[in-house]
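The values are calculated or read from the model by the stated rules, or taken from the named source; none is laboratory data. All figures in this text were calculated on a predicted structure; none of them were measured in a lab. Here the Cβ is made from the backbone with ideal geometry for all residues, glycine too, and neighbour counts use every protein chain on show. Heads up: the accessible areas ignore ligands, DNA and RNA and are worked out on the full protein's heavy atoms, side chains in. Shrake-Rupley method; radii C 1.70, N 1.55, O 1.52, S 1.80 Å.
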Amino acid sequence: MRRHISLYGLTFSLPLLIWQLLFFVFPLFFLIALSFWTVRNFRMEPGFDTVNWVTMYGRPIFWQAYGTTLALAAAAAVLTSALAFPCAYAIAFKLSPAVQRWAVFLMVIPFFTSYLVRVYSWQVFLSDAGIINVMLGWLGLGPFRLLNTVGATMIGYLTLSLPLVILLQLFSLIFVDRTLIEAAHNMRCGRLRTVFAVVIPSARVGLVIAALFSFILCFGDFVSPIYLGGGDPTTLSILITDTTKSGQQWPRAAVIALTMIATLLVIAFLSVRFAYKGREK
């Protein structure tokens with residue numbers, strides 16, 4: 001059937017279209033053009049030269065940072081999803097609607113404060129003379145090196161994405177058909193088996209989208225790797241800042257940024273395809 005676009009629908013869709021054009025499409029095209037510019041005497045000169053792509057892709061440090069960023073973001077997405085699911089499940093199936101509203105409110109509160117402030121507060125806990133090491137000292141343990149480690153970076157990633165993942169999982173679990181769960185119980189299916197055989201497949205779309213959001217946030221994060229991880233190992237976000245500081249190489253930084261965007265687009269496409277697999281009619 002032929003679809004007719006109404007003036008009413010077009011009018012209300014224009015703000016979204018204009019937003020995407022101004023803040024995504026146009027900057028993306030500019031970033032692509034910038035990646036082919038050259039830098040001479042610390043000044044950028046417009047042109048069309050692939051030297052930046054060849055230089056960056058030919059450096060081992062780029063691929064090391066790419067692999068590190070990919071691995072850390074994937075690990076953070078898996079860990080965040082695993083920690084968030086019991087919390088979201090308990091809120092969705094064990095709490096009353098009134099308590100659920102309070103739980104959602106508590107999940108939103110962390111977004112009232114700056115992410116950078118929350119990361120700085122973790123330094124107070126994780127430093128050599130921080131709260132955790134002081135408490136361990138009372139037990140005759142430590143001090144342990146907690147700050148400037150990969151573990152500290154993962155804590156920062158959890159701080160960034162865990163509340164959001166819990167909310168996304170919760171909104172997906174709330175709409176799981178309860179009759180399917182009752183049917184599983186009537187067939188003598190245990191609680192744990194019901195979760196894996198009924199609940200998770202029914203909420204697969206929301207669970208995958210939540211993990212995807214976690215991956216996207218952690219993949220491009222700069223704050224946690226630099227302020228909690230100490231910049232070691234190097235991630236792509238850190239490599240971008242190092243590249244721009246080295247001779248004002250903004251075109252080479254654009255190459256890194258475009259690689260990150262392309263990676264996220266591919267992973268987002270594959271994730272959404274997996275989430276909706278078998279649901280097409």
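What helices (runs of 4 or more DSSP H), lying completely within region 204-267, carry at least 2 residues that are charged (D, E, K, R)?
236-245
Residue 184 satisfies every condition listed in (1) open to solvent by less than 40 Å² (accessible area, probe 1.4 Å); (2) under 22 Å from the mean Cα position of the chain (by Cα) except (2). Working only within region 187-216, note down all residues that are open to solvent by less than 30 Å² (accessible area, probe 1.4 Å) and of a type in the set (Gly, Ala, Ser). Selection gives 203, 206, 210, 211, 214. Taking each residue of region 113-128 that is more than 16 Å from residue 154 (Cβ to Cβ) and in contact (Cβ under 8 Å) with a residue 24 or more places away in the chain and looking for partners that are open to solvent by less than 70 Å² (accessible area, probe 1.4 Å) and part of a helix (DSSP H, G or I) with beta-carbon atoms closer than 7 Å, six or more apart or interchain, yields 116/223. Residues in region 37-88 that are within 30 Å of residue 200 (Cβ to Cβ), in contact (Cβ under 8 Å) with a residue 12 or more places away in the chain and surrounded by fewer than 19 Cβ atoms within 10 Å (Cβ to Cβ): 70, 74, 75, 78, 79, 83, 87.
Let's see how each residue does on (1) part of a helix (DSSP H, G or I); (2) hydroxyl-bearing (Ser, Thr, Tyr); (3) in contact with a Leu (Cβ under 7 Å, 6 or more places away or on another chain):
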| position | (1), (2), (3) |
| --- | --- |
| 136 | yes, no, no |
| 141 | no, no, no |
| 145 | no, no, no |
| 160 | yes, no, yes |
| 166 | yes, no, no |
| 171 | yes, no, no |
| 176 | no, no, no |
| 181 | yes, no, no |
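Checking 108, 25, 78 one by one, the residue that is assigned to a helix (DSSP H, G or I), modelled with pLDDT of 95 or more and within 25 Å of the chain's Cα centre (by Cα) is 78 and no other.
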